[in-house]
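Reviewing the structure listed below.
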Amino acid sequence: MRESWQDRFAEASDVLKTERRQQTVVPVLDIEIGGDEFVTMAGPCSVETESQIMAVAHHVRRCGARILRGGAFKPRSSPYSFQGLGLEGLKLLAAARQETGLAIVTEAMSECDVPMVAEYADILQIGSRSMENYSLLEAAARSGRPILLKRGMVATVADFLRSAQVILEYGNPHVILCERGIRTFETSLRNTFDAASIALLKQISHLPVIADPSHAAGHRDLVPALARIGVAAGADGIIVEVHPNPEQAWSDGEQSLDFAAFEEMMALLDPYLALRKLAAREPAGAPLMEAVG
Ligand code: PEP
Ligand code: MN
């Protein structure tokens, strides 16, 4: 007797596809995440200065990004690392939106900060380290903003879907799932990019799925390849770290692309996206409704 995905993920039944609910489209300004358009979110790990965020915003927009990322509240493993500009960073992001028209995604780390972050952001990011912070999930859900939910670095797909279910349960249907790499025995890269989970999530869940090749790789040289893998796995978009001068970045410089590398990565994604569109026109196989093993 084979177990169905519905049984395996029974605690997250509302995020699973049904006959009636095949795909959730999350509206953000004039953008539809989970719709026909592949959506690129790009920007620095942390908002640092006005000139930095403005330069990045203009560059990533010119290369085709629709959403600007940038942390104002940073979850850092070391208390001695840069913790983010806080409110000042949020204001700089809002100014960049005003100047470029890009939507803003930024992290809220604590439920106390949610109202302030929601005032400035178009999408609230729940970071990997916060995926199981249920009071934060509740506050973020109740803010009414779309939520970019990053997979915990030691979370299974079932854990991940349960956290998404919590947000839906608090009345917010606009959840975007983000695979950002998980911890495994492999330590060559910062994390192990779980491309299979993207394919699985696209198969079983109606929520949009975004790939984060930057935090998965941890090295800028690997980011374009992982982004292409994300496209091939069926992701609805990517979130990528970009910095005018990665060597000088206040956080995650090793994995940040400079302007030229980002431009090249975006141009190289196009043929893969075209191929995917072509493949989508092929008659689809029967939906996989059974879990194996
Ligand atoms: C980030 O997006 O900069 C970040 C801290 O990501 P994660 O929560 O996936 O580590
Ligand atoms: Mn980062």
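The values are calculated or read from the model by the stated rules, or taken from the named source; none is laboratory data. Note that the structure is a prediction, hence the values are computed from the model and not measured. Here the Cβ is made from the backbone with ideal geometry for all residues, glycine too, and neighbour counts use every protein chain on show. Accessible surface areas use protein heavy atoms only, side chains included; no ligands, DNA or RNA. Shrake-Rupley method; radii C 1.70, N 1.55, O 1.52, S 1.80 Å.
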| task | Evaluate region 78-97: report whether one residue or more is within 16 Å of ligand 2 (Cβ to nearest atom) and open to solvent by less than 20 Å² (accessible area, probe 1.4 Å). | result | yes
| task | Mind counting the residues in region 237-268 that are away from ligand 2 (no atom under 11 Å from the Cβ) and either in a helix (DSSP H, G or I) or open to solvent by 10 Å² or more (accessible area, probe 1.4 Å) (or both)? | result | 16
| request: State which residue pairs qualify: first residue of a type in the set (Phe, Trp, Tyr) and inside region 114-132, second residue assigned to a helix (DSSP H, G or I) and away from ligand 2 (no atom under 14 Å from the Cβ) in any location, beta carbons under 9 Å apart, and separation of 6 or more residues or different chains. | output: 120/87; 120/90; 120/91; 120/93; 120/94; 120/97
| Of the residues 220, 228, which is farther than 17 Å from residue 149 by Cβ and within 16 Å of ligand 2 (Cβ to nearest atom)? | 220
| request: Kindly list, by first and then second residue, each pair from a residue in region 268-293 that is more than 26 Å from residue 224 (Cβ to Cβ) to a residue that is outside any helix (DSSP H, G or I) and modelled with pLDDT of 90 or more, limited to pairs with Cβ atoms under 8 Å and residues at least 6 apart or on different chains. | output: 287/17; 289/4; 290/4; 291/4
| Can you pull out the residues in region 174-190 that are loosely packed, with under 15 Cβ neighbours inside 10 Å and more than 17 Å from residue 129 (Cβ to Cβ)? | 184, 185, 186, 187, 188
| query | Which one is farthest from residue 197 (Cα to Cα), of the residues in region 207-236 that are more than 14 Å from ligand 1 (Cβ to nearest atom) and not in a helix (DSSP H, G or I)? | reply | 219
| request: Kindly establish whether residue 19 is exposed (fewer than 14 other Cβ atoms within 10 Å of the Cβ) and of a type in the set (D, E, K, R). | output: yes
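Can you name every one of the helices (runs of 4 or more DSSP H) wholly within region 4-101 that holds 3 or more residues which are within 20 Å of the chain's Cα centre (by Cα)?
The qualifying helices (runs of 4 or more DSSP H) are 50-62, 87-100.
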| remark: Scanning region 47-77 residue by residue, those among the β-branched types (Val, Ile, Thr) and either surrounded by fewer than 24 Cβ atoms within 10 Å (Cβ to Cβ) or more than 14 Å from ligand 2 (Cβ to nearest atom) (or both) turn out to be 49, 53, 60, 67
| message | Can you tell me which residue is nearest to ligand 1 (Cβ to nearest atom) among those in region 102-116 that are surrounded by 15 or more Cβ atoms within 10 Å (Cβ to Cβ) and in a loop (DSSP other than H, G, I, E, B)? | response | 109
| query | Which condition breaks for residue 193 when tested against (1) within 19 Å of residue 44 (Cβ to Cβ); (2) buried (at least 19 other Cβ atoms within 10 Å of the Cβ); (3) among the aromatic types (Phe, Trp, Tyr)? | reply | (1)
| remark: When (1) open to solvent by less than 40 Å² (accessible area, probe 1.4 Å); (2) within 16 Å of ligand 1 (Cβ to nearest atom) are applied to residue 154, the one that fails is (1)
| query | Which numbered condition trips up residue 168, out of (1) more than 16 Å from ligand 1 (Cβ to nearest atom); (2) within 18 Å of residue 41 (Cβ to Cβ); (3) of a type in the set (A, V, I, L, M)? | reply | (2)
| said: Can you find a residue that is over 17 Å from residue 69 (Cβ atoms), surrounded by 22 or more Cβ atoms within 10 Å (Cβ to Cβ), out of contact with any Phe, Trp or Tyr (no Cβ under 6 Å at 6 or more places or on another chain) and not β-branched (Val, Ile, Thr) anywhere in region 117-130? | reply: no
